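**Q** Starting off with a structure, shown below.
Please treat every number below as a calculation from the coordinates, not as lab data. All figures in this text were calculated on a predicted structure; none of them were measured in a lab. Reconstructed Cβ throughout: ideal geometry from the backbone, glycine too, with neighbour counts over all protein chains shown.
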Amino acid sequence: MEANELRQKYIDFMVAHGYVQVKPVGLILEGDSTTLFTSSGMQPMVPYLLGEKHPSGTLITNSQPCIRAQDMEEVGDNRHTTFFEMLGDWSLNGLNKKQQIEWLFEFLTIDLKLDPNRLYVSCFIGDKKNNIPRDDESADAWAGVFKKHNIEAKSVEIGSSENGDKRGMKPGERIFFYDDGQNWWSRNGGIDSTPIGDPCGPDSEVFFDHGEETHDPSFGLAHPASDGGRFVEICNKVWMQYKRLNDGGFEPLETGKVDFGGGLSRLLAAVNDTSDMFLTDLYQPIIRELEKLTGKKYEDNTEAMRIVADHLTGAVWLASQNLVPSNKEQGYVMRRLLRRSILKALDLGIEENFLGQLISIIAGIYDEAYPEIGKNAKKVADILENEEKTFRKTLNRGLRVFQRFSEAGLTGKELFMLHDTFGFPLELSIEEADKRKIKLSDDWQTEFNQAMTEQRERSKTATKGMFKGGLEDAGEMTVKYHTTAHLLLSALHKVLSPDVEQKGANITAERLRFDFSWPEKLTPEQIVTIENQVNEWILADLPVAHDEYDTDYALGELHAHGSFREKYGDKVTVYSIDDISREVCGGPHVERTGLLGKFKITKEESSSAGVRRIKAILE
């Protein structure tokens, strides 16, 4: 089955059940400064899920193109992409879990002809603390549809996905109860971080079993919510049936709502019985052209070809909607997509401009459902080819310098010069050194960091202290990350301990890196709680203010947090975020937390003995 057929089957199915098809929105939501892109089918529907009346009624369906920039580093495996389509439907006039599940099972097994023996589901385990019961209603409905197919469907309580990694699954188990880290929906994630007054509720997810041989045991034992690759979530139903109260508790909504989301590419892979989404017609024309251009086989170069195929698809979509590469916000993400794809193409042996040869292919993939991409093909080509020419000049200049430096081995100082002066990405330097078997000096990283620090000190001196916070620049995104660092420290104090101390930070326009004192690896639950807490404060749109005080008063009676007390003079500037954060800092910062966007922790790791490091982005 091809993507166009599957997409149309879904829309036809929902329309036949009384739903009204609506057009998708753009990848950049107008008037929404809280996010860079439309990252889910639900996102444009949030106002209607919160109570507004939709002009098309109470039963809505569509297929929504999305971009998730936060998944960029994950692309390369068989199931992650930055660009994707989300099949979605919404019932805004009440819940009927049994009917909804029966309809979904019918679509999956009759219309798409998926083998019901290869479908597994998850439900919410409940939360005693908040008096939210286990979602037995969904589990019973799933058991009923499996029974009609004479399929044994034992249910089992797993709790966290980490528990599942240790326990695995037993014969006959098909309905898995997970906690709120897996099967709860709110705008902030888990139960405790659900915003006051918001609708929320459990969800039920459907997984397709690609077979035991596809499981990666490094992720632990296989179970539906594992990241091991055997089970891939293909769709889910969110039951918005509760509202969070001012006292932190929950009450049932008078009129519940239902949200359905199904990834087109994942469903297509399941229908075609492949665990690799890139073997579907959404990517195969691109892959075949890459094989033709390089003379290499996809089977031997899966990661590089997957990255090129996905990233270029996203870039073509963005260019067709009038975005151009830049160093700010959405344009910066677009630039990263393009430059990463060019770097991977270089790994494949493509040393000449090649984007123009793929644009028409990508437009052809989507021509039937989205003809506007083809209509804008010339404009898209102009935008992407110009970026490619510019970046290749940078690469060529950097490679010549790289060759000269590498004759005697590479130091971290030289790697920094390539990066800073010639715009040569550090990751490319490392890859080139590895390919050419050039020796790097185990302390090159220390030398690189030292050179970067020295450069920043020179920059600060040159600007005569204009940006006292020690930031790389005072651009919009850098300032946002600077403010986010204050929220992150407060969240660490709340979730871990008030004794946590900041041990360093590296803030750029791309991301936040934050070092702090803590003796052990954070648990997944702690990471989620920290992330949710920061997002709760962002959504609260808290004011950010500052004033100057005597140092002793600021650190004493005012209880302002200061990590580098020995460097302070007689007076300090204190930045306050409502009553949750009070820090000695030079600024600059945003005026309100609501300007920051969604906070996402991308990595937690060791920095040194007794010091942990968090890397995070704003979406």
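**Q** Under the Karplus relation 6.51 cos²θ - 1.76 cosθ + 1.60, θ = phi - 60°, what is the ordered set of whole-Hz ³J(HN,Hα) values for the stretch 102-112, x standing for Gly and Pro?
**A** 5, 4, 4, 5, 4, 4, 5, 9, 9, 5, 8
**Q** OK, next. Of I365, V584, S155, which is farthest along the charge dipole of the chain in the positive direction, counting Lys and Arg as +1 and Asp and Glu as -1 at C-beta?
**A** I365
**Q** Roughly how far apart, in whole Å, are the Cα centres of the stretch 252-278 and the stretch 66-133?
**A** Cα centres, the stretch 252-278 to the stretch 66-133: 4 Å.
**Q** For the stretch 3-278, compute Rh as the Kirkwood radius over C-alpha pairs and then the Stokes-Einstein diffusion coefficient at 20 °C and 1.002 mPa s; write the answer in µm²/s, rounded to an integer.
**A** Working: Rh = 19.2 Å.
Once the numbers are plugged in, D ends up at 112 µm²/s.
**Q** Charges on Cβ only, +1 for Lys and Arg, -1 for Asp and Glu, centred on the Cα centroid of the chain; of I60, L253, T411, which one is farthest towards the dipole's positive end?
**A** Farthest towards the positive end: T411.
**Q** Still on this structure, please answer the following. Read phi for every residue in the stretch 269-285 and hand back ³J(HN,Hα) as whole Hz from Karplus 6.51 cos²θ - 1.76 cosθ + 1.60, θ = phi - 60°, with x for Gly and Pro.
**A** Coupling constants for the stretch 269-285: 5, 5, 4, 8, 6, 10, 7, 10, 4, 7, 9, 8, 6, 6, 10, 4, x Hz.
**Q** How charged is the neighbourhood of L95? Take every other residue with its Cβ under 12 Å from the Cβ of L95, and add Lys/Arg as +1 and Asp/Glu as -1.
**A** Working: positive: K97, K98, K237, K257; negative: D135, E137, E254, D259.
The answer is 0.
**Q** Follow-up. Across bins of 5 angstrom width beginning at 0, how are the C-alpha pair distances of the stretch 155-292 distributed, in whole percent?
**A** Whole-percent P(r) values from 0 Å outward: 2, 10, 15, 17, 16, 14, 11, 8, 5, 2, 1, 0, 0.
**Q** Same structure again: G314: net charge of surrounding residues, Cβ under 13 Å, Lys/Arg +1, Asp/Glu -1, itself excluded? The partial results should precede the final answer.
**A** On the way: positive: R68, R306, R335, R336, R339, R340; negative: D71, E85, D310.
With Lys, Arg at +1 and Asp, Glu at -1, the neighbours total +3.
**Q** Using 0.36 nm per residue of separation minus the Cα-Cα distance, give me the extension gain between R436 and N396 in nm, one decimal.
**A** Values: separation 40, 0.36 × 40 = 14.40 nm, distance 1.64 nm.
Contour length minus the Cα-Cα distance gives 12.8 nm.
**Q** Could you list the square roots of 5 times each eigenvalue of the Cα gyration tensor of the stretch 167-244, that is, the equivalent ellipsoid semi-axes, sorted largest first and rounded to whole Å? Show your work: numbers first, answer last.
**A** Details: eigenvalues 162, 29, 22 Å².
Values for the stretch 167-244, descending: 28, 12, 10 Å.
**Q** Calculate the dipole size of the chain relative to its Cα centre from +1 charges on Lys and Arg beta carbons and -1 charges on Asp and Glu beta carbons; express the result in debye to the nearest 20.
**A** Details: 74 positive and 100 negative charges, 234 e Å.
Rounded to the nearest 20 debye, it is 1120 debye.
**Q** Shifting gears a bit: Please compute the volume of the convex hull spanned by the alpha-carbon atoms of the stretch 476-618 and report it per residue in Å³.
**A** Working: hull volume 14.5 nm³, N = 143.
Spelled out: Cα convex hull of the stretch 476-618, divided by residues, is 101 Å³.
**Q** Strictly greater than 23 Å: what percent of every Cα pair in the stretch 1-148 meets that?
**A** Working: 5508 of 10878 pairs.
Everything past 23 Å amounts to 51 percent.
**Q** List E407, E2, E372 from most exposed to least, where exposure is judged by having the fewest other Cβ atoms within 10 Å. Kindly include the intermediate steps, with their values, before the conclusion.
**A** On the way: E407 8, E2 15, E372 11.
Ascending number of Cβ neighbours within 10 Å: E407, E372, E2.
**Q** Follow-up. Give the Kirkwood hydrodynamic radius (Å, one decimal) of the stretch 262-391, defined as one over the mean of 1/r across all pairs of different Cα atoms.
**A** Numbers: mean 1/r = 0.0669 Å⁻¹.
That comes to 15.0 Å for the stretch 262-391.
**Q** So for the stretch 153-197, Kirkwood radius off the Cα pairs, Stokes-Einstein at 25 °C and 0.890 mPa s: how many µm² s⁻¹? Kindly include the intermediate steps, with their values, before the conclusion.
**A** Numbers: Rh = 11.7 Å.
Rounded, D is 209 µm²/s.
**Q** In addition: Hull surface divided by four, with the convex hull built on the Cα atoms of the stretch 574-619: how many nm²?
**A** Working: hull surface 18.2 nm².
Spelled out: convex hull of the Cα atoms, projected over all directions, averaged, 4.5 nm².
**Q** Still on this model: If you split all Cα-Cα distances of the stretch 482-551 into 10 Å bins from zero, what percentages do you get per bin, shortest first?
**A** The calculated distribution, bin by bin, is 17, 47, 32, 5, 0.
**Q** How much net charge surrounds D209 when only the other residues with a Cβ under 14 Å from the Cβ of D209 are counted, with Lys and Arg +1 and Asp and Glu -1? Spell out each step's value before the answer.
**A** Details: positive: R79, R118, R174, R230, R266; negative: D115, E173, E205, E212, E213, E233, D273.
Result for the neighbourhood of D209: -2.
**Q** With no solvent and one point per C-alpha, what does the Debye sum give as log10 I(q)/I(0) for the chain at q = 0.05, 0.10 Å⁻¹?
**A** -0.24, -1.02
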